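Take a look at the structure set out below.
The values are calculated or read from the model by the stated rules, or taken from the named source; none is laboratory data. Remember, predicted model here, so these are calculated numbers, not experimental data. Counting neighbours? That spans all protein chains shown, and the Cβs are built from the backbone with ideal geometry, glycine included. Just the protein is used for accessible areas: all its heavy atoms, side chains included, with ligands, DNA and RNA removed. Shrake-Rupley method; radii C 1.70, N 1.55, O 1.52, S 1.80 Å.
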Amino acid sequence: MEVGRTVADLREHLARWRKADERVGLVPTMGALHQGHMALVTAARAQCDRVAASIFVNPKQFAPTEDLGSYPRREAADLETLQSAGTDLVFIPAVEEMYPPGFATLVRVGGLTQGLCGAHRAGHFDGVTTVVAKLLLQALPDIAYFGEKDYQQLMVVRCLVRDLDIPVYIAGVSTVREADGLALSSRNAYLSLEERRIAPNLAKVLHSVAIAVAEHPGNVVDELARGLRELRDAGFEIDYLEIREEDTLSPVTTRVAARSRVFGAVRLGKTRLIDNMPIG
Ligand code: AMP
């Protein structure tokens, strides 16, 4: 496995592979890798001849009040994990490599970024779309892999590549969970023992709301109210609990008609957790 730290390194490998007519998959991450990330690598390994992963804790997607400074960084362990999963190349740029002095461009997707996490994390998606646009254009893989755990992000990235004609297919990968239902996340490392005990209740509530509205599509108001109550009783502070259509992210406020998902974002102490589940 090769490690590249400059855009030039990355481009050199990718150009060689493309010349050999090899299909290339890219897995963008912020490191502190877990089995959720590895599901993306496994999907890439299954579908592509070459797999590149990136590790970059992108300062532009953190608000000044957020956890950029404390975000877990475990480069040596991540490299071992990626190597054992059959990754060919890991791109680990420094912040100055991605944002050299004078960097002045912001890539912004409208519409889809307005609600859910976009409404609670000012500037977050602008940071995400700016770095994802850069990574995709730097590497120009055939396929880039994103997790459904961050479903809004997946949809925003699909919109980005469509709107800017970036010739990369965006593949979505199902959420990987702990045995008790908690979605794997690098931020789970922040949880105290007591918080870790409470955390799976987010998935539990999303699941029960999803089941209930699948059976009774007109019960959206009551089920969301019940879900909010149960989240609060479990000990979470709630950013949102909402149902949105799967393709458009349009709010579903009274009755589920098209394919939809339940989305939740909560805070437990200083840790923010998000999750979502399909209905039906
Ligand atoms: P992150 O390092 O948190 O930015 O995540 C990198 C990629 O891994 C994103 O596309 C995430 O959606 C995806 N991912 C994170 N956690 C999971 C999970 N539990 N299951 C599947 N994909 C995940």
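Computed quantities for the displayed model
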{"read-out": "Ellipsoid equivalent to the stretch 207-271 - semi-axes via the Cα gyration tensor, in Å", "value": "22, 13, 8"}
{"read-out": "F56, F103, reordered so the largest accessible area comes first (probe 1.4 Å)", "value": "F103, F56"}
{"read-out": "Carbon plus sulfur fraction of accessible area for the stretch 1-86, probe 1.4 Å, in percent", "value": "48"}
{"read-out": "Which of T175, V3, T105, positive extreme of dipole for the chain (C-beta unit charges)", "value": "T105"}
{"read-out": "GNM flexibility winner over the chain from S208, S70, S174 (Cα, springs under 10 Å)", "value": "S70"}
{"read-out": "The chain: C-alpha gyration tensor shape, a/c 1.5 cut-off, then a/b vs b/c", "value": "prolate"}
{"read-out": "Over the stretch 145-280: Rg over Rh, Cα atoms, Kirkwood Rh", "value": "0.99"}
{"read-out": "Rounded Å value of the spacing that divides the Cα centres of the stretch 47-118 and the stretch 132-186", "value": "12"}
{"read-out": "Cα centre as origin, Lys/Arg/Asp/Glu Cβ charges: the chain dipole, Debye", "value": "140"}
{"read-out": "Scaled radius of gyration (Cα, divided by 2.2 N^0.38 Å) that the stretch 72-152 gives", "value": "1.29"}
{"read-out": "Per residue value of the accessible surface for the stretch 89-241 (all protein chains in place, 1.4 Å probe), Å²", "value": "44"}
{"read-out": "Table column - 3J(HN,Hα) (Hz), the stretch 221-236, Karplus curve with 6.51, -1.76, 1.60, x for Gly and Pro", "value": "4, 5, 5, 5, 5, 5, x, 4, 4, 5, 5, 4, 4, 6, x, 8"}
{"read-out": "Residue of D163, D88, D142 that the Gaussian network model of the chain assigns the largest fluctuation, springs spanning Cα pairs under 10 Å", "value": "D163"}
{"read-out": "Residue among H37, H120, H207 with the largest mean-square fluctuation in a Gaussian network model of the chain, springs linking Cα atoms under 10 Å", "value": "H120"}
{"read-out": "Accessible carbon and sulfur surface of the stretch 170-271 relative to its total accessible area, %, 1.4 Å", "value": "50"}
{"read-out": "Other-chain or far-sequence residues with amide H under 5 Å of T175's (modelled H)", "value": "E148, K149"}
{"read-out": "Rg over Rh, two decimals, the stretch 32-92 (C-alpha only, Kirkwood Rh)", "value": "1.03"}
{"read-out": "Neighbourhood charge, 13 Å Cβ-Cβ cut-off, centred on V205 and excluding it, Lys, Arg +1 and Asp, Glu -1", "value": "-1"}
{"read-out": "Positive-end residue of V221, S250, G235, charge dipole of the stretch 217-279 with Cβ unit charges", "value": "G235"}
